[in-house]
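Report on the structure given below.
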Amino acid sequence: MKDRRKRASLFLIARCALAVLFLFGFTFSSHRLFFTERYHPNLLSSWRTSSPAEVISGDSPTALDISIGETVIFPDQVLILLKYPPSSPLLTKNQINCLYFSPNTSRRSSSSPLSIDGEYHDHQIVRCNLPPRGMISSVSLNTQNDLTYLPPGPTHDWKWLAYEAIIDCDNTTVVFVKGLNLRSGRPSNASMFECVYGSDLTNKQLVLRSEVISIAQEIVRCKTPLNILEVNANSIKVSVKVKGRGILSSIARPDFRAKPDPSVLNQKHMVCICTMLRNQARFLPEWVMYHALIGVEHWFIYDNNSEDNIEETVELLTDQGFKITRHLWPWIKTQEAGFAHCALRARDICEWVAFIDVDEFLHIPSGAHLGSVINNLTDRPEVAELRISCHNFGPSGLKQVPAEGVTVGYTCRLGLPERHKSIVQPDKLNPTLINIVHHFHLKDGFKHVNVYRNMVVINHYKFQVWEVFKEKFYRRVATYVSDWQQEVNVGSKDRAPGLGTQAVEPDDWSSRFCEVNDTGLRDWVVKTFSDPFTGTLPWQQE
């Protein structure tokens with residue numbers, strides 16, 4: 001958001017540059033632009049305006065500049081992406097209404113948005129309730145005392161969609177898709193698919209086709225046509241064609257992976273963290289401050305539809321000197337895809353990246369620095385991944401969120417570890433980017449090491465007080481249901497053992513999951529972080 005004014009000042013320069021490029025590189029017709037080289041896709045100008053908004057009352061130039069770019073129908077809500085010119089400020093929640101109407105009648109209804117978000121690829125995210133049966137979702141704007149109705153944009157079903165794309169440093173396009181239902185953890189037959197590029201993917205004669213290099217889970221890697229690399233027109237979409245089944249609907253526009261400043265390349269961070277979270281702002285300060293002290297230098301936070309004050313919390317931590325990058329990731333049940341996306345972004349600036357959650361803390365019983373531990377464990381050049389066991393902690397007798405934080409408040413856990421999480425070298429990952437949340441596949445010739453728990457272990461504060469647990473397991477990232485109360489995947493380890501699917505607190509919840517009293521991390525945190533005069537910890541709220 002801070003960059004919007006800067007981009008606004010470059011708006012006219014960019015338009016002129018693009019116009020010159022079109023003049024010398026393309027042949028014009030009254031409706032299309034054609035490449036003059038081997039490939040001939042139909043490309044609409046980036047600056048072509050959408051249908052004008054219907055102004056119900058008054059006149060609002062700002063509102064008239066805004067349109068609905070795309071709409072995605074999720075199982076439990078509608079995601080609407082409002083398209084903004086670079087010079088427009090983002091709207092607040094009280095300036096937006098979700099609008100529902102019938103195309104064949106005069107029926108119309110409205111409601112407040114479930115939530116809105118900040119800037120996302122030159123769009124603003126608006127989340128609405130699902131429309132009543134037979135009705136279509138749209139948005140009305142209330143700006144400068146005017147009520148403006150925006151015509152609905154292209155609508156896509158989340159179950160069959162290419163939703164993100166990024167052009168990697170080797171000029172391949174990595175496309176993130178939903179609906180292919182490929183086998184987990186294994187690559188699929190790339191010859192059964194192809195990638196397609198164009199501004200109108202429904203017109204078979206006006207799209208570019210390219211080879212699929214690899215495909216696995218939700219990630220497709222394509223050979224990017226030269227014309228796409230040279231033009232970088234943001235009106236172009238990319239999708240995947242399934243031979244015999246058709247083309248996935250798409251909102252994915254290939255975005256060039258941001259290249260770091262050359263001066264940074266020789267000064268990589270030793271250890272970074274990638275995480276995906278939802279409504280965890282109140283727990284973020286403790287998690288960041290703790291990991292900073294043991295050696296983490298940069299945090300990549302993928303915000304999965306938070307509705308709390310996450311943006312303000314990140315800003316406060318950034319002002320204190322912590323290097324945090326927040327990235328909006330509105331796609332539900334896509335943690336593996338988000339981690340793969342993060343690995344691409346972190347590769348140039350991080351030697352090692354840990355993929356853990358905000359309720360997981362890397363615990364080094366010896367008190368050593370994390371970087372030193374990694375160096376000791378990776379003295380062989382073929383080691384590119386460290387797999388670390390997780391101890392699951394329970395409510396530890398508590399009924400309210402501990403004011404001193406999770407590391408001090410929760411001290412009782414299950415006896416045996418469950419699963420593991422990984423610290424990896426992102427430049428050693430297999431190009432398929434296959435991961436199962438807990439670990440990635442590596443390039444040929446590289447291997448992982450299982451770390452002994454007396455060297456590094458993860459304290460996973462999985463089963464906290466009921467208030468936190470209930471929120472955490474609603475629309476859980478890793479469980480493939482939109483609501484954890486649904487009778488789906490009941491036996492999944494992502495659900496609490498013996499809890500079932502009802503959001504009713506068991507009478508003995510506070511005493512569950514308690515087999516071993518483990519105060520190791522608590523004692524170290526109190527000794528290291530406590531104020532010598534007040535005894536308070538730096539993340540405790542005043």
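Just for segment 341-365: of the residues that are open to solvent by 30 Å² or more (accessible area, probe 1.4 Å) and modelled with pLDDT of 95 or more, which one is nearest to Thr519 (Cα to Cα)?
Among them, the one singled out is Pro365.
Please go through (1) open to solvent by 20 Å² or more (accessible area, probe 1.4 Å); (2) at pLDDT 90 or above; (3) not aromatic (Phe, Trp, Tyr) for Val126 and return the number of the only condition it doesn't satisfy.
Only one criterion in (1) open to solvent by 20 Å² or more (accessible area, probe 1.4 Å); (2) at pLDDT 90 or above; (3) not aromatic (Phe, Trp, Tyr) is unmet by Val126, namely (1).
Which one of Ile324, Ile301 is open to solvent by less than 30 Å² (accessible area, probe 1.4 Å), at pLDDT 95 or above, closer than 26 Å to Glu70 by Cα and not in a loop (DSSP other than H, G, I, E, B)?
Numbers: Ile324 fails: closer than 26 Å to Glu70 by Cα.
Just a single option satisfies the conditions, and that option is Ile301.
May I ask you to verify whether Phe256 is more than 20 Å from Ile458 (Cβ to Cβ), at pLDDT 95 or above and surrounded by fewer than 20 Cβ atoms within 10 Å (Cβ to Cβ)? So that I can check it myself, show each step before the final result.
Details: more than 20 Å from Ile458 (Cβ to Cβ): yes; at pLDDT 95 or above: no; surrounded by fewer than 20 Cβ atoms within 10 Å (Cβ to Cβ): yes.
So Phe256 fails the test.
Select from segment 304-321 the residues that are part of a loop (DSSP other than H, G, I, E, B) and farther than 22 Å from His123 by Cα and list them in ascending order. Walk me through how you get there before you give the answer.
Within segment 304-321, the subset part of a loop (DSSP other than H, G, I, E, B) is 304-309, 320-321.
Those that are part of a loop (DSSP other than H, G, I, E, B) and farther than 22 Å from His123 by Cα: Gln320, Gly321.
Would you mind finding the one in Leu81, Leu91, Leu141 that is of a type in the set (A, V, I, L, M, F, W, C) and touching a helix residue (DSSP H, G or I) at 6+ places or on another chain (Cβ under 6 Å)? If you could, list the steps in order and put the result at the bottom.
Details: Leu81 fails: touching a helix residue (DSSP H, G or I) at 6+ places or on another chain (Cβ under 6 Å); Leu91 fails: touching a helix residue (DSSP H, G or I) at 6+ places or on another chain (Cβ under 6 Å).
Only one candidate qualifies: Leu141.
All but one of (1) out of contact with any Gly (no Cβ under 9 Å at 6 or more places or on another chain); (2) of a type outside the set (Ser, Thr, Tyr); (3) in a loop (DSSP other than H, G, I, E, B); (4) open to solvent by less than 50 Å² (accessible area, probe 1.4 Å) hold for Asn392, so report the exception by its number.
Among (1) out of contact with any Gly (no Cβ under 9 Å at 6 or more places or on another chain); (2) of a type outside the set (Ser, Thr, Tyr); (3) in a loop (DSSP other than H, G, I, E, B); (4) open to solvent by less than 50 Å² (accessible area, probe 1.4 Å), Asn392 violates only (3).
Among the numbered criteria (1) of a type in the set (Gly, Ala, Ser); (2) under 18 Å from the mean Cα position of the chain (by Cα); (3) under 24 Å from Val526 (Cα atoms), which single criterion is violated by Gly295?
Every condition holds for Gly295 apart from (2).
Among the residues of segment 395-448, write down those that are open to solvent by 30 Å² or more (accessible area, probe 1.4 Å), more than 21 Å from Val468 (Cα to Cα) and among the charged types (D, E, K, R).
Once the filter is applied, which keeps residues that are open to solvent by 30 Å² or more (accessible area, probe 1.4 Å), more than 21 Å from Val468 (Cα to Cα) and among the charged types (D, E, K, R), segment 395-448 yields Arg419, Asp427, Lys428, Lys443, Asp444, Lys447.
In segment 175-200, which residue that is open to solvent by 70 Å² or more (accessible area, probe 1.4 Å) and touching a residue at least 60 places away in the same chain (Cβ under 8 Å) is nearest to Val212 (Cα to Cα)?
Pro187
Answer yes or no as to whether Leu147 is farther than 27 Å from Ser235 by Cβ, open to solvent by 30 Å² or more (accessible area, probe 1.4 Å) and free of Cβ contacts under 8 Å to residues at least 60 places away in the same chain. Quick ask: steps written out before the conclusion?
Details: farther than 27 Å from Ser235 by Cβ: yes; open to solvent by 30 Å² or more (accessible area, probe 1.4 Å): yes; free of Cβ contacts under 8 Å to residues at least 60 places away in the same chain: no.
No, not satisfied.
Regarding segment 329-340, can at least one residue be identified that is in a helix (DSSP H, G or I), polar (S, T, N, Q) and surrounded by 19 or more Cβ atoms within 10 Å (Cβ to Cβ)? Step through it out loud before you land on a result.
The first filter runs over segment 329-340 and keeps only residues in a helix (DSSP H, G or I), leaving 335-340.
From what is left, the residues that are polar (S, T, N, Q) are 335.
Those still in the list that are surrounded by 19 or more Cβ atoms within 10 Å (Cβ to Cβ) too: 335.
Within segment 329-340, one or more residues are in a helix (DSSP H, G or I), polar (S, T, N, Q) and surrounded by 19 or more Cβ atoms within 10 Å (Cβ to Cβ).
Across segment 259-275, which residue is nearest to Thr313 (Cα to Cα) among those that are modelled with pLDDT of 95 or more and of a type in the set (A, V, I, L, M)?
Filtering segment 259-275 for residues that are modelled with pLDDT of 95 or more and of a type in the set (A, V, I, L, M), the one nearest to Thr313 (Cα to Cα) comes out as Ile273.
Restricting attention to segment 498-536, and to residues there that are modelled with pLDDT of 95 or more and aliphatic (A, V, I, L, M), which single residue is most open to solvent (accessible area, probe 1.4 Å)?
Step by step, filter segment 498-536, then rank; the result is Val526.
Of the conditions (1) outside any helix (DSSP H, G or I); (2) out of contact with any Gly (no Cβ under 7 Å at 6 or more places or on another chain), Val271 satisfies every one except a single condition; which number is it?
The one condition Val271 does not meet is (2).
For residues in segment 96-113 being in a strand (DSSP E or B) and of a type in the set (S, T, N, Q), which is nearest to Leu147 (Cα to Cα)?
So the first thing to find is which residues in segment 96-113 are in a strand (DSSP E or B), and the list is 96-101, 108-111.
With the extra rule that they be of a type in the set (S, T, N, Q), the set shrinks to 97, 109-111.
Values: Asn97: 10, Ser109: 14, Ser110: 12, Ser111: 14 Å.
This residue is Asn97.
Just name the residue that is surrounded by the most Cβ atoms within 10 Å (Cβ to Cβ) out of those in segment 151-174 that are aromatic (Phe, Trp, Tyr) and touching a Phe, Trp or Tyr at 6+ places or on another chain (Cβ under 9 Å). Explain how you work it out, then say what you get.
Residues of segment 151-174 that are aromatic (Phe, Trp, Tyr), as a first pass: 158, 160, 163.
Going one step further and asking which of them are touching a Phe, Trp or Tyr at 6+ places or on another chain (Cβ under 9 Å), we end up with 158, 163.
Numbers: Trp158: 20, Tyr163: 24.
Per the criteria, the residue is Tyr163.
The values are calculated or read from the model by the stated rules, or taken from the named source; none is laboratory data. On a predicted model such as this, the values are computed, not experimentally measured, just so you know. All Cβ positions, glycine included, derive from the backbone under ideal geometry; neighbour counts span all protein chains shown. All accessible areas refer to the heavy atoms of the entire protein, side chains included, with ligands and DNA or RNA removed. Shrake-Rupley method; radii C 1.70, N 1.55, O 1.52, S 1.80 Å.
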